[in-house]
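Undergrad: This is the structure I want to talk about, given as structure tokens.
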Amino acid sequence: MASAPHTLASLPEISKNVAAWVAEVAALTQPERIHWCDGSDAELNALRAELVARGELTPLNPDTFPRCYLYRSDPTDVARVEHLTFVCTRAQQDAGPNNNWMAPEAAHSQMRELFKGCMRARTLYVVPYCMGPLSSPYARCGVEITDSAYVVLNMGLMTRMGRAALERIGAEGGRFVRGLHSTGELDPKRRFIMHYPEELAIESYGSGYGGNALLGKKCHALRIASYQARTEGWLAEHMLIVGLQNPAGETHYVAAAFPSACGKTNLAMLIPPESLPGWKIFTVGDDIAWLQPGPDGRLWAINPESGYFGVVPGTNRATNRNAFDMISHDAIFTNVALTADKEPWWEGRKKHVPVTDWTGQPFDAAKGPAAHPNSRFTVSARQNPSYSKAAEDPHGVPISALIFGGRRRELAPLVYEARSWQHGVLVAASVASETTAAATGQVGVVRRDPMAMKPFAGYNFGDYFAHWLSMGERLRHAPRIFHVNWFRQDAAGKFLWPGYGENLRVLDWILERCAGRVGAREGAIGLLPLPSDLDTTGLDIDPAVLAELTAVPPAALKNELADIRAYLKDFGARTPAALYTELDEIERRIGA
Ligand code: GTP
Ligand code: SPV
Ligand code: MN
């Protein structure tokens, strides 16, 4: 017989708690049918075929982009919506000034009205998932209920989705994060992304896009998880994780937090330049890290995801060959343009020309870019040529350095090191970056984005900074903390630093600092590299530019410090005094 052996429990039998919640949601949303996802290839193939038949997915050129599909979202639904995202704790102060807040009861009743009958004539998909390797003690499970087959396909790539996750939930006594999602009418006026960290629950209505709809990602693995991590003594962060093997054969792992669309995926899959032979790069994760103090006193990291939902524009063979190859088969493209040959096209793609823009209209350069600036690819991490085996290790990888950074046209130098963990927490809390197309709203405006978590911390930043400080006290071998900036520009708007693969030169300095093999210059801001200590072999860079990149103008720094102080005050008494001590120290050093 071809059917599954009958010793396998049917999916609804595996966890009573999940089944009871599904019944409750079905009674509210009134779906035409219920589909429990097992995560099998057959299931995902059938869903893809169904979406193609309905015209919601377009198969791309089968010769050049085999098994790749284009999905066009609603043109008003193309990015995260921070102004419609809420953290609903009982006390408003627990969500903090960094979050929109609504009282849980008010939020639930508003959402109940939206969800009422919203799945009539639709299928309700039950999507059990595990964030992290299935056998990892650090992994956590959730169930997303959604009426979007596109969401199911994406969750199938981004998480360990299906029967095994449901079995883990059953074995854990039915404890899981409940994420209820409906695309609703895709009406921006009826769109809300609600989080109830105290209830381990998420309610998302009116969007089918990325972080608004793939609830395992930002909603669970960052907002809910950061809240849990605080009470349980770990960290859930917006960080890539990468292993770096130097020419001597030593491998060290680093984790780096940059705001959305500021270079995490690219750093996680970096290609060493030819002029730095002998280096190898291993990607553990490109967007989220869950960090736990290990029994050895070091900080250990797992990547809770199993795929990448990455920025498409800018990807090409020159900037990141691995990324380009990875997305040339078995990928979903969302909101890219099309060539005459049905190849996906985006700004930065060297070959061919777009004929159809991301909205499906004939391309007209006068109307804006062909691909949406936040167009994304979804692929399984297993397709990454530099995928690390350690990404499947249930205990994760030990972290030697934590790196923070943002997109800063001016001020922030190429790299510097914090003097201590406490100083490092101030450095991370002070991160500022230009806004990008990853969220709706203005692009290119500098804003504070502590730890790259402004849109993702599930609680008050004051408490979050205190938690970070306390983590340092618990780690006998805490990672060193660094700040980087790949985005300094000259007066003409040209990037001063070549970026991408060349960033390895900075990572090399960071690892040499960790090994105690290279010195640094004491600046007010922190420990700066001597330009001669950066390996520039084979790099065509003017020594004056390098000097500029490794220096901080004192007057600009003075203004920056005042701005940081004002920002920290927003969190009132919840801001730890230690951060002001560190600010005072920097001011003392510049003689402010
Ligand atoms: P999210 O998925 O939104 O969290 O973003 P991310 O941090 O993973 O950003 P990603 O690596 O996708 O990069 C976003 C944009 O920055 C892309 O257009 C890249 O081409 C560009 N970029 C990445 N690294 C560099 C760099 O070192 N220098 C410059 N100039 N641009 C870069
Ligand atoms: C980000 O915006 O940081 C992303 C994309 O990684 S999304 O999943 O849409 O949040
Ligand atoms: Mn991200």
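Undergrad: With a ≥ b ≥ c the root eigenvalues of the C-alpha gyration tensor of the range 91-200, is it rounded (a/c under 1.5), prolate (a/b larger than b/c) or oblate?
TA: Oblate shape, in that a/c is at least 1.5 and b/c is the bigger or equal ratio.
Undergrad: Given a cut-off of under 8 Å on Cα pairs at least six residues apart, what relative contact order in percent is computed for the chain?
TA: 14 percent
Undergrad: Still on this model: Give, rounded to the nearest 20 debye, the magnitude of the charge dipole that the range 78-133 has about its Cα centre when Lys and Arg contribute +1 at Cβ and Asp and Glu contribute -1 at Cβ.
TA: It works out to roughly 300 debye.
Undergrad: So in the range 22-162, what percent of DSSP beta bridges are antiparallel if you round to the nearest 5?
TA: Percent antiparallel among DSSP bridges in the range 22-162 is about 70.
Undergrad: Another question, then. Could you order peptides 41-52, 252-263 by the average number of other Cβ atoms within 10 Å of their residues, highest first?
TA: 252-263, 41-52
Undergrad: In debye to the nearest 20, how big a dipole does the chain give about its Cα centre with +1 on each Lys and Arg Cβ and -1 on each Asp and Glu Cβ?
TA: For this selection, approximately 340 debye.
Undergrad: Quick one: in the chain, what % of C-alpha pairs are over 49 Å apart?
TA: Percentage above 49 Å: 8.
Undergrad: Of the listed peptides 538-547, 221-230, 341-350, what is their order by residue-averaged count of other C-beta atoms within 10 Å, with the highest listed first?
TA: Sorting 538-547, 221-230, 341-350 by mean packing, highest first, produces 221-230, 341-350, 538-547.
Undergrad: Per residue of the chain, what 222 nm ellipticity follows from adding -39500 (n - 2.57) for every DSSP H run with n ≥ 4, rounded to the nearest 500?
TA: -8000 deg cm²/dmol
Undergrad: Can you return the lysines within cross-link range of LYS558? Criterion is Cα-Cα under 28 Å, with same-chain partners fewer than 8 residues away left out.
TA: Result set, ordered by chain and number: LYS454, LYS494, LYS569.
Undergrad: Something else: For THR339, what charge total do you get from the other residues with a beta carbon under 14 Å from its beta carbon, if Lys and Arg give +1 and Asp and Glu give -1?
TA: -1
Undergrad: At q = 0.15 Å⁻¹, what is the log10 ratio I(q)/I(0) for the range 475-592, with the Debye formula run over Cα points and no solvent?
TA: Those come out to -0.86, one per q.
Undergrad: Same structure, new question: Just the number, please: Stokes-Einstein D of the range 1-126 in µm²/s, Kirkwood Rh from C-alpha pairs, 20 °C, 1.002 mPa s.
TA: Rounded to a whole number, D works out at 115 µm²/s.
Undergrad: I want the antiparallel fraction of DSSP beta bridges within the range 145-235, as a percent rounded to 5.
TA: So the antiparallel bridges amount to about 45 percent of the total.
Undergrad: Using only Cα atoms, what is the ratio of the radius of gyration of the range 334-401 to 2.2 N^0.38 Å?
TA: Cα Rg divided by the expected 2.2 N^0.38 Å: 1.61.
Undergrad: Restricting things to alpha carbons, find the Rg to Rh ratio for the range 227-325 using the Kirkwood radius for Rh.
TA: 1.01
Undergrad: What is the Cα centroid distance between the range 457-517 and the range 546-592, reported in whole angstrom?
TA: Result: 16 Å between the Cα centres.
Undergrad: Taking the DSSP beta bridges in the range 309-452 as the whole, what percent of them are antiparallel, to the nearest 5?
TA: 100 percent
Undergrad: Using only protein heavy atoms and a 1.4 Å probe, report how much of LYS280 is accessible, in Å² to the nearest 10.
TA: Using a 1.4 Å probe on the heavy atoms, I get roughly 110 Å².
Undergrad: Taking all protein chains in place and a 1.4 Å probe, what share, in percent, of the accessible surface of the range 132-250 do carbon and sulfur account for?
TA: 50 percent
Undergrad: Which far-off residues, 5 or more places away or on another chain, put their amide H under 5 Å from the one on LEU200, with H placed in the peptide plane?
TA: Sorted by chain and number, the residues that satisfy this come to none at all.
Undergrad: Now for a different question. How much net charge surrounds ASN246 when only the other residues with a Cβ under 14 Å from the Cβ of ASN246 are counted, with Lys and Arg +1 and Asp and Glu -1?
TA: Residues close to ASN246 contribute a combined charge of 0.
Undergrad: For the range 418-511, take N as its residue count and report Rg(C-alpha) divided by 2.2 N^0.38 Å.
TA: 1.27
Undergrad: Within 11 Å, Cβ to Cβ, of LEU534, how many net charges do the neighbouring residues add up to if Lys/Arg are +1 and Asp/Glu are -1?
TA: In short, -4.
Undergrad: Positive end of the dipole of the chain, charges at C-beta (+1 Lys, Arg; -1 Asp, Glu), about the Cα centre: which of CYS141, LEU411, GLY424 has its Cα farthest in that direction?
TA: Comparing the listed Cα positions along the dipole, CYS141 ranks first.
Undergrad: Further question: Compare the Cα positions of GLY173, LEU215, PHE192 along the charge dipole of the range 160-221 (+1 at Cβ of Lys, Arg; -1 at Cβ of Asp, Glu; about the Cα centre) and return the one farthest towards the positive end.
TA: Highest projection toward the positive end goes to LEU215.
Undergrad: Please state the shape class of the range 391-448: rounded when a/c is under 1.5, otherwise prolate if a/b exceeds b/c and oblate if not, all from the C-alpha gyration tensor.
TA: Note, shape of the range 391-448 comes out oblate.
The values are calculated or read from the model by the stated rules, or taken from the named source; none is laboratory data. Quick caveat, the model's predicted, so the values are computed rather than measured. Cβ: placed from backbone, ideal geometry, glycine included. Neighbour counts: every protein chain shown. Remember, those area values only see protein heavy atoms, side chains included, never the ligands or the DNA or RNA. Shrake-Rupley method; radii C 1.70, N 1.55, O 1.52, S 1.80 Å.
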